[in-house]
Structures are given as structure tokens and as C-alpha cells.
């Protein structure tokens, strides 16, 4: 076959020429162009001399784009090749500027009338539709990013308005969980609170504000503050609901909100509860059988004239109260009755699997299971759960009598960690309590019994209103330190910083240190939102030194207190003798840093500066070491860096 303009010969050729698709015919091993219709010629810029020219010479810029290789494969195997949205760049104008195009294509091998093998390529230019789709995808991605950013802001606002922890009470175990709505539904107005009250009572509140986003979060913050204020003042359930009604009438954003309020008398074990448009509380019996509490449910807030209806029930040891938002029982695709049945089944299943679990941990297990029961990717509403178990017997307490010797700090750390583990205290509270107790015991050892032996007693227990009471006492006689240093005396400052109340009574019969700190139990972490809380800070210590160029690095890990401060001092003195210009101390892996270790660090500042050397402290902002620096006020003397 010779190279000709086929449309000049017959009607079929005319149809080929005017077809609404790019069509090529190739022959021979070099894929010589036999025919190219008008769209094919236009696709390469109507360049002259196409017909009869091998395609590699006619369209040389297609090299490296797997176009020629595709033709070779079809010619060799005879198997047709199909593809969609194949990207090809062509120099249409001839000035070297490549134009991007996308094509759906098919390439087949046919036999001409004279027996010649011919390749026919049929292509549809889909460049415009691809670009439109990609522009739409980019727009959707931008919207997603904007919504995600707004969602993160709202979630952070919601998180800041929710309790950072639950009070630790000796006779009531508590747990809570909050899960925001699915990806395309920003956080709503769910809220909960647990408030220790006068007269050995405790108040529980769980509510839901209509709507989503910052507006709902703001209304939620108002309602939570009002409810907490009434409970702290000893208000009844009716009084709390009356105050919430007043706010809801004044604030359009709070109107129609639902809420459940309960007050538990820990002495009589009578529970007073009332709901306004909110699902009934559920009670898990000590026998593992759950049931919904009886009692009237009033209309949502702002829609009732007069007092809210309330009900009473008496709880027994081992029973668990469960409050929950409607997001738990309004799952997409399920009816209300079916969702309630799933709630009951889930609670019963958790109870059956945790018969040997410490009752103080049961509320957390229940809240985790109920939160996980709802698919937060498809849920249209937030999910909030609050659980409280009636406990028996006294809460764990720390009661020690230790010989006044530095090596006994190892025993103190072990027993202290075991007690804090039993309480499941919040990370910040653990750190503050441990620092106070270790500092007080260290002071007794160093100042009370320097000239003779003796005993230091430690008593720490929950006070019943969400705090820990600590008493550290000795029978020694206070002695001023032998070595006077401007870096001493930070321990008492740190103790005051880490406690709500601190008193020190010193006399001829010894010294007694009394401290109190509000203590919290962390709620169940939000999915992909909350970092895990470390549980223990074992009493171990290690320090190693590395020299690199003009910098010596000192890596410290574990607990740094008076029992191992000498090892830290030796390591730093060795670093100072290395002759390098900068000494960098990395403290990210330090679990506890007491004033004894702080004194060593800051003593080295003077020594290193005297020899024209620099000391750099490296630790993340949220680390125990950073907390100790802030509490002691020493960040004002020496900068602390988060990274090298």
C-alpha cells in the first residue's frame, strides 16, 4: 500500500477522514504512517510530510512515553491493546513547548487486502474532561482540608470545654468517653461533668446541645458552667435543672438542649435523677444484668413551666450507673428500640467479661466498649458516655515507715508507683504527687537525721472530694545544710508549685509536711486525638556520654533524685574535663527530676561558664524534666530547648 490521502478515493475514506476520533494507520516494522485523519493530523500540529514517514521520525517527541513500544507490542503479538486517559506530550506548535494531552485508545493489528499487516490506532481526546475532573477533585480536596481544619478547631474547643479528668473518689469508680461525629459532621454539643458536692454527695451531668460546631460548643460551655456552679453549692437535681432552664430560655443556641442530671448520696447510697428530653439512665446490677431506670422524662430545656420531674433509687455495692448521649442509641440504619437493645447487650457483655476486673476499672471498660460500638466515621452525632460504679471498702492508700537513708528512696519510688497505678491517676497528677513526696522525704533524710538515724513516715490517701492528702513526718531535728549553695532551696518551691495546699510544721519533736492536691483520672482517650498516658516511672537511672566534634552529649534516663545525683554530677564533671566547647544534656527520657538533680545541673552552669563553655538542656515541653524546670523557676536562669 502506498501513502495516499484516503479521503480522496471513496466514501469509506471520507468517513475515516471526518470521524469524531483520532485515527492512524501504520505499516511495516518502522510503523510507517499510511493514513491519518484530520483529528490525527491536528493532534500533532498538522505538521507536513506525515504520510509515508515512520512514526518515530514524524513524531520524535513521543520517544520515552511508551507510545512506540505499544505499537511494537501489538505488531509483534497481534493482541489488541486498550487504555484510558493515557498521558502524552506533543510539540504541537513546533517551538519545543510540549502540550499535555490525555487519550482513551485502542490499537489493533489488521490484514489489508494485499496481505500487508497494518496497525490501526483509534484515540479519543479526553483532555478536557480529565482536567475538569481534576479541577473538581482539587476543589473537593480544598474543601475537605478547610472542613478538616474547622473540625480540628471545633474539636479542640470542645475538648477544652470538657473535663480534663474525673475526680478520684474513694467509694465511687468513674469513667467517661467522648467520640466526635463522623468526618463530615463536625463536633456537636455533647458534654458531661462529675462534681464532688458538700455532704458526701457527687453530681453527674450529661447533656447534648442542638447543632454542631463552635456555636453548639459555646452553648455547651455555658450550660456546663451553670450546672457545675449549682452542684458545687449543693443544689438538688430540680434546682440544677431549673437553672439550666433559665439559661436555655435566655440563650437561643441552648434552647432545646437535652440533659440528664443525677446526684448520688455516698452515705445513704440514694440516687436522685432527672432527665429533660434525654435518654433514661441505665443501671448495671451487681449481678451483671442491666436495666433502664424508671422515672418521668421532661421536655427539652426551655420548654417546661415549673419544676422538673425527678426520681429516686437506692444503689448497692457493685452497681454501675451509665449515662449516655443519644448518639449511642441513634445509629444510622437502626431503629431506636434496636439501638437500645444493642446498648443493653453491650453493657451485659462487658460485665460478663470483667467479673474479675477491679471494680474501679469497670467504668472505663464500659465507656470504651460503648464508644467503640458506634461507627464514628458514619455517625451523625457525637457519642458521650459517663459511668460510675459503687465501690466497697477503702480506697488504696500509701502508708510507709522508711529508715532515713538515701538508699530507701528506691523503696519509696516502688511503693509510690504501685499506689498511683492502683488509682490510675492522670499523668500530670502522678508527676506532681511523686515530686512532692520525694522532695519531702529527701528533706527529712538530709536535714532531719543528718547526725543520727531515724524513720520517715509517709501517709497518702484520697480525701473523698477529689483530692489526695499527703503527710510526711519525721522525729528529727532540723539542721541547716553544711554546704551553702545558691542553687539549693528549690525543692520547697517545687512542692508548692505542685500542690494546692502545703504546710510545714517544724519543732523540737520533728517536722511534719502536709500537702493536698486535686487528683484526676483521665477519661477514655478520643480516637486519634489523645496521646496515651504513661502509667509508671520505675526507679531506674542511667547516664552515658558521647563526644562529637566540639560537643559532648550527656544522655540521662530514668529517675533523677538525691540517691543518684552524685552519678549525674560525676558524668557532668567528666564532660567538662573533655575540653569541648558545648555540653548538651538530653533529658527527654527522664521520668522524674527532683531538686537534688536540679541543683547538680545548675551548679555546672557556673563551672562551665567559668571555662568559656556552654551548657544546653534539651527536653520536650511536655516532659517531666520540663515540668520540673518550670515549677522551680530555673528556666529564668538557663534556657531549655526542645530539640538540639
#### Entry: Conditions (1) more than 21 Å from residue 316 (Cβ to Cβ); (2) touching a helix residue (DSSP H, G or I) at 6+ places or on another chain (Cβ under 9 Å): number failed by residue 245
(2)
### Task
Could you grab me the full set of residues in region 251-274 that are closer than 23 Å to residue 215 by Cα and not in a loop (DSSP other than H, G, I, E, B)?
252, 253, 254, 258, 259, 260, 261
### Query
Within region 2-23, can one find any residue that is part of a strand (DSSP E or B) and surrounded by 11 or more Cβ atoms within 10 Å (Cβ to Cβ)?
yes
### Task
Any chance you could count how many residues in region 196-219 are at pLDDT 95 or above and in a helix (DSSP H, G or I)?
0
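Modelled with pLDDT of 90 or more, in a helix (DSSP H, G or I) and not assigned by TED's automatic domain parsing to the domain that holds residue 176: which single residue out of 513, 438 fits that description?
Numbers: 513 fails: in a helix (DSSP H, G or I).
One residue alone meets the criteria, 438.
One residue is enough: does region 150-166 have a residue meeting the conditions assigned to a helix (DSSP H, G or I), free of Cβ contacts under 8 Å to residues at least 24 places away in the same chain and either over 16 Å from residue 191 (Cα atoms) or in contact with a strand residue (DSSP E or B) (Cβ under 7 Å, 6 or more places away or on another chain) (or both)? Spell out the reasoning first.
Residues of region 150-166 that are assigned to a helix (DSSP H, G or I), as a first pass: 150-161.
Of the ones still in play, those that are also free of Cβ contacts under 8 Å to residues at least 24 places away in the same chain are 152, 156, 160.
Subsequent filtering for residues that are either over 16 Å from residue 191 (Cα atoms) or in contact with a strand residue (DSSP E or B) (Cβ under 7 Å, 6 or more places away or on another chain) (or both) retains 152.
Yes, that holds for at least one residue.
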### Query
Assuming residue 357 fulfils every condition listed in (1) in contact with a helix residue (DSSP H, G or I) (Cβ under 9 Å, 6 or more places away or on another chain); (2) loosely packed, with under 14 Cβ neighbours inside 10 Å; (3) modelled with pLDDT of 90 or more apart from one, which condition is it?
(3)
### Message
Quick test for you: out of 605, 640, 600, pick the one residue that is over 35 Å from the mean Cα position of the chain (by Cα) and at pLDDT 70 or above.
### Response
600
### The listed residue being touching a strand residue (DSSP E or B) at 6+ places or on another chain (Cβ under 8 Å), over 16 Å from residue 387 (Cα atoms) and touching a residue at least 24 places away in the same chain (Cβ under 8 Å), out of 284, 304, 315
304
### Message
If residue 222 meets every condition in (1) under 27 Å from residue 348 (Cβ atoms); (2) surrounded by fewer than 23 Cβ atoms within 10 Å (Cβ to Cβ); (3) modelled with pLDDT under 95 apart from one, which number is that one?
### Response
(1)
### Residue tally, condition more than 16 Å from residue 299 (Cα to Cα) and modelled with pLDDT under 95, over region 236-251
2
### Query
On the given criteria, is residue 444 at pLDDT below 90, more than 30 Å from residue 325 (Cα to Cα) and surrounded by fewer than 20 Cβ atoms within 10 Å (Cβ to Cβ)?
no
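Could you say which residue among 142, 69 is outside the structural domain of residue 21 (by TED's automatic domain parsing) and either over 16 Å from residue 22 (Cα atoms) or at pLDDT 90 or above (or both)? Break it down into steps so the answer makes sense when it comes.
Numbers: 69 fails: outside the structural domain of residue 21 (by TED's automatic domain parsing).
So the residue among 142, 69 that is outside the structural domain of residue 21 (by TED's automatic domain parsing) and either over 16 Å from residue 22 (Cα atoms) or at pLDDT 90 or above (or both) is 142.
The values are calculated or read from the model by the stated rules, or taken from the named source; none is laboratory data. Predicted, not measured: the structure shown is a model, and the values here were computed from it. Counting neighbours? That spans all protein chains shown, and the Cβs are built from the backbone with ideal geometry, glycine included.
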